[in-house]
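Peer 1: The structure that follows is given in the form of structure tokens.
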Amino acid sequence: MSFTVFDVAAALKAEVFGDGDIVITGAAEPASAGPDDLALAMDPKYAEGLALGAARAAILWDGADWQTLGLEAALVVPRPRFAMSGLTALMDPGPEIAPGIHASAVVDPSAEIGDGAAIGPFVVIGAGVRIGRGARIASHVSIAEGSVIGADALIHAGVRIGARVEIGDRFICQPGAVIGADGFSFVTPEKSRVEEARASLGAETAAVNASWTRIYSIGSVQIGDDVEIGANSTIDRGTIRATSIGDRTKLDNLVHLGHNVSVGEDTLLCGQVGIAGSTKIGDRVVLGGQVGVSDNIFVGDDVVAGGATKIMSKVPAGRVMLGYPAMKMEQYLEAGRNWRRLPRMMDDVRALKKAVLSDDKDD
Amino acid sequence: MSFTVFDVAAALKAEVFGDGDIVITGAAEPASAGPDDLALAMDPKYAEGLALGAARAAILWDGADWQTLGLEAALVVPRPRFAMSGLTALMDPGPEIAPGIHASAVVDPSAEIGDGAAIGPFVVIGAGVRIGRGARIASHVSIAEGSVIGADALIHAGVRIGARVEIGDRFICQPGAVIGADGFSFVTPEKSRVEEARASLGAETAAVNASWTRIYSIGSVQIGDDVEIGANSTIDRGTIRATSIGDRTKLDNLVHLGHNVSVGEDTLLCGQVGIAGSTKIGDRVVLGGQVGVSDNIFVGDDVVAGGATKIMSKVPAGRVMLGYPAMKMEQYLEAGRNWRRLPRMMDDVRALKKAVLSDDKDD
Amino acid sequence: MSFTVFDVAAALKAEVFGDGDIVITGAAEPASAGPDDLALAMDPKYAEGLALGAARAAILWDGADWQTLGLEAALVVPRPRFAMSGLTALMDPGPEIAPGIHASAVVDPSAEIGDGAAIGPFVVIGAGVRIGRGARIASHVSIAEGSVIGADALIHAGVRIGARVEIGDRFICQPGAVIGADGFSFVTPEKSRVEEARASLGAETAAVNASWTRIYSIGSVQIGDDVEIGANSTIDRGTIRATSIGDRTKLDNLVHLGHNVSVGEDTLLCGQVGIAGSTKIGDRVVLGGQVGVSDNIFVGDDVVAGGATKIMSKVPAGRVMLGYPAMKMEQYLEAGRNWRRLPRMMDDVRALKKAVLSDDKDD
């Protein structure tokens, strides 16, 4: 790949200074940039790096003087972080998947594969599957009977899509993700100890009942348009209705969605998030890495939860949460302050007891 | 698939009201049920849903009046949650895996495959493997040399079973699970900083020793009958003895069992649970999602731990645990109450200091 | 495999007592050892086990009297835990991967495969890939275009290595690991609610902005020599620079490294650890199971964090950390003590109020 500085400027709607005809073949951090790299120096802290590297062209922070920085060409963009989107989209070569269906792929004759699809080696596609036009499916993927995938999907190596899953357009799925595994749902003939513990809030239960009987997952998974699923994430099918993910929602790596979970639109679930069965997550929610959400609860629209927050009960819309158990961020910060004051208060109480009670038996 | 209401009633041992000859082809939640769906309305809250949907037959809550609900047939069951087990087992079509061994599978000539086995495309089965009768093995599974799997296994796509693993009958394994990876066990020629930190309970250690040398896992994995393993879960082999899982125990998705771990019978480990090396989990234990258990400890029979509980030391049988670090649920709830009272107590102490010491320098 | 006691002694630099010509074919715990097993009894607590088992030879604790223990041969080693390394290395048969390239493998003609490589069934190797001599690559592995892997790699079944990844010598990768998935990086045209929440420390934000636009990962992954990656772990590629792992660092199962993360040398990351994007982990760090580290921070050299520690801000070199949020271990232990004293202090304050204020309205 190679681009002129003018090409990049057009893609980013950026202003060009200097020689826009310089050809670049890649992007790099300023200090490690070679002469054909576009240096990414959107902050004044990178000035030193530019001097160390060999870039002739750079994207600069607003107000930078490109000439004294020793550059031959410069781009300035209004919101640098957003410019990264356009720049990386331009420069990403994408995975190499040869056009057509690889000779080794096992595609059921009843499957419908859209125009322009590229299907890699050792892919298995089941009966009645429908895959939209322009799909790119890397090696070792399996898509089981009756599933439907929209246009322009990019499914990386080793993804497992179970039976009767429905997915919208422009789906991106990282390697090893499993969509449509069976739910984890077991029931006992009589009330179980877990049901009792929940009802009694923790009294020890004498009764023992663990004849776990399987509830099968006859529901499926429904995924909207423009969804992305991370590497080795797992999404269980629903018991009766479908587990669902709304349009434009993105899941990071190793995320777990239990059976019947519903995730809204425009939501981000970061690495290792786990959502237990039948919980409903709203629209525009952001859950940081390792957040856990209990089963059968509701997390409202626009909720933001920091890393490792453990959400054990319903969260109203718009809250910013942190902690285990989850609390509003203000409460979490107050709790931390109180915590740090506690040793001093303990000293105070000891002094008060001495003064008042003349009877300090505290250790 | 299609069933009469009488068929369903026989499977569930349910009482039938109305026209038991109505044919149903699926199950659905009341509001979205079509005329050929059996509506699942085991609670009075679903009455409204029944009116919105088009179901002619439903499973109803005890005491419901099926006729005023507009139904033509109804089933009543004593424990509705348990009825879900029989109903979904009846209606689950199961995965489509063609009978026989797919032409593309690579099966070592010394492997023994039981009668009636169905083995999918691109499966690899190593030397000396024995697989019981009636096994269903989906695409892309690998089973390494010397492993033994009992009768009627259902192994989903992309599962990895390492060498010399032994698994009982009726095994169910969701996609992408890894059974028999090497344990994570490294040792230094001299005492390591981790050993020192544990011994000294946290003093900073000046000595630096991190020449990690690998301890190989020459043990294996032994799994009992009627065990289920979730999608992308990982179970390491033992160092000398086998990592083991008892009969009827179920693991959810993304669960991690370290080397030498022993899990008892009838135990449930929910999504993203992690058990560190050489720990022993008893029988009939239930660990909620994201629970972590430290290495080399013992969690007794019948212990229940809520979501995200971090178990750092031994737990006696029968306890209900929550929190980080794990405490008895009563303690956890008391801790929460004390926590909420703390700001008020801090005010009290401030007032007391003013009254008694006339010396309130508190901020 | 079979060895004489003398063979084992030579490998472990151990002292031999009794008949060093006894042939052993395996290792076992004392109580379950057969006559051809070497019993591992490095602690006096195993004396009883030796009596129960049938071993003729054992590795014993320092000072043990092998003759009264009924053995015919014994080995004594200075640091028993370290001896496990040599012993298991000697006895591990390793995975069976037939020499040469399996007929079913799809290897791009432009790929260079080193001498002595063993490549299993259904492996896919892309254009321009270079694999060092002596590599062992098990079934179903995919290695995408332009990746480079050093000498003597052992890559287990179903591993996914993306494009342009660079890996050093003696790499060990457990099944199902994904190296080089796309980073989880999205940006909004305007400032997002997450950026606002971070800036305002938690005030609820009215503005809603969730037009997530993808930042592509045009960086790669660079891995040093002697690195091991656990089963189903996921390592994302960098945005511009490479995500990197230093020499001799080991990752356990289900570990997640976000984009741009840098992990130093000789570091251990235990099961289910998650490191968010752009964070830097030093050398000789040990993070226990389920530890989480926030994005864009620095964890210094020689830091040790106990299981489930949640590191939300920078940690100086040499600290031993625990808790959520992470604190120095001494603080964590003090916090626990204070916590347990809190109910008694609350009683004290109540008594003081009664005595001083004659106005006890506390509940």
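The values are calculated or read from the model by the stated rules, or taken from the named source; none is laboratory data. Please read these numbers as outputs of a predicted model, since none were measured by experiment. Here the Cβ is made from the backbone with ideal geometry for all residues, glycine too, and neighbour counts use every protein chain on show. These area figures cover heavy atoms from the full protein model, side chains too; ligands, DNA and RNA do not enter into them. Shrake-Rupley method; radii C 1.70, N 1.55, O 1.52, S 1.80 Å.
Peer 1: For chain B, set up a Gaussian network in which alpha carbons nearer than 10 Å are linked by springs, and say which option among B:32, B:104, B:139 fluctuates the most.
Peer 2: Highest fluctuation of the listed residues: B:32.
Peer 1: Under the convention of a label 7 Å out along Cα→Cβ, give the distances in nm from residue C:94 to the same position in every other copy, shortest first.
Peer 2: Spelled out, the distances from residue C:94's label point are 4.1, 4.1 nm.
Peer 1: Going 7 Å from the Cα of residue A:195 in the Cα-to-Cβ direction, what parts of the range B:60-91 have a backbone nitrogen less than 17 Å from that spot?
Peer 2: Under cut-off, by backbone N: B:60-63, B:76-88.
Peer 1: Continuing with this model, one more query. Put a label point 7 Å from Cα along the Cβ direction on residue A:67, then list its distances to the equivalent points in the other copies in nm, shortest first.
Peer 2: Relative to the other copies, residue A:67 has label-point distances of 9.6, 9.6 nm.
Peer 1: Which residue, chosen from B:70, B:104, B:116, occupies the Cα position most advanced towards the positive end of the dipole of the range B:61-125, where the dipole is computed from +1 (Lys, Arg) and -1 (Asp, Glu) charges on Cβ about the Cα centre?
Peer 2: With unit charges placed on the Cβ atoms, the residue in question is B:70.
Peer 1: Moving on. Separation of the range C:1-49 and the range C:111-163 by C-alpha centroid, Å?
Peer 2: If you average the Cα positions of each part, the centres end up 37 Å apart.
Peer 1: For the pair residue A:7/residue A:92, report the inter-label distance in nm, with labels modelled 7 Å from Cα in the Cβ direction.
Peer 2: For residue A:7 paired with residue A:92, the spin-label model returns 1.8 nm.
Peer 1: While we're on this one: Kindly write out, for the range B:300-314 in residue order, the coupling ³J(HN,Hα) from the Karplus curve 6.51 cos²θ - 1.76 cosθ + 1.60 (θ = phi - 60°), rounded to whole Hz, with x marking Gly and Pro.
Peer 2: After applying 6.51 cos²θ - 1.76 cosθ + 1.60, I find x, 4, 6, 6, 10, 10, x, x, 6, 4, 10, 8, 9, 8, 3 Hz.
Peer 1: Here is a further query. Straight-line reach from residue C:13: which lysines fall under 21 Å, measuring Cα to Cα and dropping same-chain residues less than 8 apart?
Peer 2: Output for residue C:13: B:191.
Peer 1: Can you give the charge dipole size of the range C:3-91 about its Cα centre, rounded to the nearest 20 debye, using +1 on the beta carbon of Lys and Arg and -1 on the beta carbon of Asp and Glu?
Peer 2: Using Cβ point charges on Lys, Arg, Asp and Glu, the range C:3-91 gives about 300 debye.
Peer 1: Any idea what the relative contact order of chain C is, in percent, if you count C-alpha pairs under 8 Å spaced at least 6 apart?
Peer 2: On the way: 985 pairs, mean separation 23.1, N = 363.
About 6 percent, as a whole number.
Peer 1: Continuing with this model, one more query. Around residue C:140, with a cut-off of 10 angstrom between Cβ atoms, what is the net charge of the other residues, counting Lys and Arg +1 and Asp and Glu -1?
Peer 2: +2
Peer 1: Once amide H atoms are built 1.01 Å from N in the peptide plane, which residues 5 or more positions from residue C:256, or in another chain, come under 5 Å H to H?
Peer 2: C:234, C:273, C:274, C:275
Peer 1: Treat each spin label as a single point 7 Å out from the Cα along the C-beta direction, and report the residue B:112 to residue A:337 distance in nm.
Peer 2: The answer from the label model is 7.2 nm.
Peer 1: Residue C:47 label points, 7 Å along Cα→Cβ, one per copy: pairwise distances from this copy to the rest in nm, shortest first?
Peer 2: 7.5, 7.5
Peer 1: On to the next question. Taking H as built 1.01 Å from N, whose amide H comes closer than 5 Å to the amide H of residue A:96, not counting residues under 5 places away?
Peer 2: C:145
Peer 1: Using a 7 Å offset from the Cα along the Cα-to-Cβ direction at both residue B:354 and residue C:354, what is the distance between the two label points in nm, to one decimal?
Peer 2: Modelled inter-label distance: 2.4 nm.
Peer 1: Using θ = phi - 60° and the Karplus relation 6.51 cos²θ - 1.76 cosθ + 1.60, list the HN-Hα couplings for the range B:230-237 in order, rounded to whole Hz, with x at every Gly or Pro.
Peer 2: x, 4, 6, 6, 10, 10, 7, 6
Peer 1: Are there any trypsin sites (Lys or Arg not before Pro) in the range C:1-61 that are in a DSSP loop and have at most 12 other Cβ atoms within 10 Å? List them by number.
Peer 2: Hits after loop and neighbour filter: C:13.
Peer 1: Using a Cα-Cα cut-off of under 18 Å, which lysines could be cross-linked to residue C:280, ignoring same-chain neighbours fewer than 8 residues away?
Peer 2: Partners found: C:250, C:310, C:314.
Peer 1: Of the trypsin sites (Lys or Arg not before Pro) in the range B:273-363, which ones lie in a loop per DSSP and count no more than 10 other C-beta atoms within 10 Å?
Peer 2: Passing both the DSSP loop test and the Cβ count: B:361.
Peer 1: Considering the dipole of chain C built from charges on the beta carbon (Lys and Arg +1, Asp and Glu -1) around the Cα centre, which of C:131, C:333, C:267 is farthest to its positive end?
Peer 2: Sorting the options by dipole projection puts first C:333.
Peer 1: Taking amide H positions as placed 1.01 Å from N in the peptide plane, with prolines and chain starts having none, which residues 5 or more places from residue B:101, or on another chain, fall under 5 Å of its amide H?
Peer 2: B:119
Peer 1: Charges at C-beta only: +1 for Lys and Arg, -1 for Asp and Glu. How large is the resulting dipole of the range C:237-288 about its Cα centre, in Debye rounded to 20?
Peer 2: Dipole size: approximately 160 debye.
Peer 1: Would you calculate a helix-derived [θ] at 222 nm for the protein assembly as shown, using -39,500 (n - 2.57) for each DSSP H run of n ≥ 4 and dividing by the full residue count, to the nearest 500?
Peer 2: -5500 deg cm²/dmol
Peer 1: Check each of the trypsin sites (Lys or Arg not before Pro) in the range C:71-155 and keep only those in coil by DSSP with at most 16 other C-beta atoms within 10 angstrom; list them in order.
Peer 2: Working: sites: C:81, C:130, C:133, C:136; in loops: C:133.
Those that pass, being in a loop and sparsely packed, are C:133.
Peer 1: Another question about this same structure. Any lysines with Cα under 18 Å of the residue B:45 Cα? List them, leaving off those in the same chain fewer than 8 positions away.
Peer 2: none
Peer 1: Another question, then. Nearest 100 Å², what total accessible surface is buried between chain B and chain A (probe 1.4 Å)?
Peer 2: 6000 Å²
Peer 1: When a/c reaches 1.5 or more, the comparison of a/b and b/c decides; with that in mind, is the protein assembly as shown rounded, prolate or oblate per its Cα gyration tensor?
Peer 2: Working: a/c = 1.06, a/b = 1.06, b/c = 1.00.
Here the protein assembly as shown falls in the rounded category.
Peer 1: From the phi angles alone, apply the Karplus equation (6.51, -1.76, 1.60; θ = phi - 60°) to the range A:62-69 and give each ³J(HN,Hα) in whole Hz, x where the residue is Gly or Pro.
Peer 2: For the range A:62-69, the Karplus curve yields 4, x, 5, 9, 5, 6, 5, 7 Hz.
Peer 1: OK, next. Report, to one decimal in Å, the Kirkwood hydrodynamic radius for chain C based on all distinct Cα pairs.
Peer 2: 24.5 Å
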